[in-house]
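The values are calculated or read from the model by the stated rules, or taken from the named source; none is laboratory data. As the structure is a computational prediction, the values presented were derived from the model and not from experiment. Every residue, glycine among them, receives a Cβ derived from its backbone with ideal geometry; neighbour counts consider all protein chains shown.
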Amino acid sequence: MPDALLATALRKTYRAAVALDGVDLRVGAGELVGLLGPNGAGKSTLTKIACGLVRPTSGHVEVLGHPCASLPARARTGYLAELFRFPGWATADEVLLLHQRLARSSGGAAERARLLGLVELTTAAERRVEAMSKGMQQRLGIAQALIGDPGLVLLDEPTSALDPAGRRTVRQLLEGLRERGTAVLLNSHLLSEVELVCDRVVIVDGGRTIAEGAPADLVTAGGVEIETAGGPRRFAQAGREDIPELIAGLVEEGERIYGARVVAGSLEDAYLDLVRGAKP
């Protein structure tokens, strides 16, 4: 099968501003990839190019083997923008019906009911958008991105307005999409969510890719923390095998020890280190 998304030497400039500067990106079929980076790094521009809303200055992008802006590519792509608005007077069911017509989906009422069930909005099918919370609207937006059973789903900050229960629902939904072979490119600032669900992450900054790999491969250990009578002591470069020696040294210094633990690194720590290291 062709890659769900393949971007090569992708460049986009807006007059003097460089949004993307030669980015390469691959999302395999059925792969869930997190796209990370600070504000202005080029993440949203890359996503909009992938779904055909923005034209690249140079480079090449394919979606499931087709040029990204072509009709076959758009027909297999689902998209949720970071900032979206649905008509306030429309019900959830009417919003999905409109997008079915736009996507030329033949799924009918059964598809709409299934998607509302996936995002836990079954009981809100007849509720108007203006009467929904921001989190409910966000979940409705995810449902519309899945109309037509796309092979690639592009989600730009899909969990930004959700509470912990809503984020868990979205995580389970994403895991279900992966099991069905649907590829997802997830643009998010919630690194803890990305670390939980993504197979691989790509970090961009200044329009360039600065790191990529599985979350576990990017994370480094955070050292050892020992709880003493005087408070916690952190040994950033130590590992589990160093704990007995560290405790012995502290006891020799007269410290009273109450516990010790290996501090697990996080994707957030790795991300911050990489972004800081990329600054000139």
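Do the conditions hold for VAL224, that is, is it buried (at least 20 other Cβ atoms within 10 Å of the Cβ) and free of Cβ contacts under 8 Å to residues at least 60 places away in the same chain? Answer is yes for this residue.
Residues of region 61-69 include at least one that is at pLDDT 90 or above, outside any helix (DSSP H, G or I), surrounded by 14 or more Cβ atoms within 10 Å (Cβ to Cβ) and acidic (Asp, Glu). Within region 73-87, is even one residue surrounded by 15 or more Cβ atoms within 10 Å (Cβ to Cβ), assigned by TED's automatic domain parsing to the domain that holds LYS134, in a strand (DSSP E or B) and more than 24 Å from the chain's Cα centre (by Cα)? Checking region 73-87: not a single residue is surrounded by 15 or more Cβ atoms within 10 Å (Cβ to Cβ), assigned by TED's automatic domain parsing to the domain that holds LYS134, in a strand (DSSP E or B) and more than 24 Å from the chain's Cα centre (by Cα). When the residues of region 255-265 are filtered to those that are exposed (fewer than 15 other Cβ atoms within 10 Å of the Cβ) and modelled with pLDDT of 90 or more, which remaining residue is farthest from ILE203 (Cα to Cα)? Step by step, filter region 255-265, then rank; the result is ARG256. Number of residues in region 1-58 that are over 17 Å from ASN187 (Cβ atoms) and of a type in the set (Gly, Ala, Ser) equals 8. Of the residues contained in region 37-52, none is found to be within 24 Å of ARG180 (Cβ to Cβ), modelled with pLDDT under 95 and assigned to a strand (DSSP E or B).
At least 3 residues being surrounded by fewer than 16 Cβ atoms within 10 Å (Cβ to Cβ) is the threshold, and among the helices (runs of 4 or more DSSP H) wholly inside region 101-212 those reaching it are 108-118, 164-179.
Listed here are the residues, each with its yes/no results for (1) outside the structural domain of ALA41 (by TED's automatic domain parsing); (2) free of Cβ contacts under 8 Å to residues at least 12 places away in the same chain; (3) of a type in the set (Val, Ile, Thr).
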site: PRO150; (1), (2), (3): no, no, no
site: THR169; (1), (2), (3): no, no, yes
site: LEU173; (1), (2), (3): no, no, no
site: LEU185; (1), (2), (3): no, no, no
site: LEU191; (1), (2), (3): no, no, no
site: VAL197; (1), (2), (3): no, no, yes
site: VAL201; (1), (2), (3): no, no, yes
site: THR228; (1), (2), (3): yes, no, yes
site: PHE235; (1), (2), (3): yes, no, no
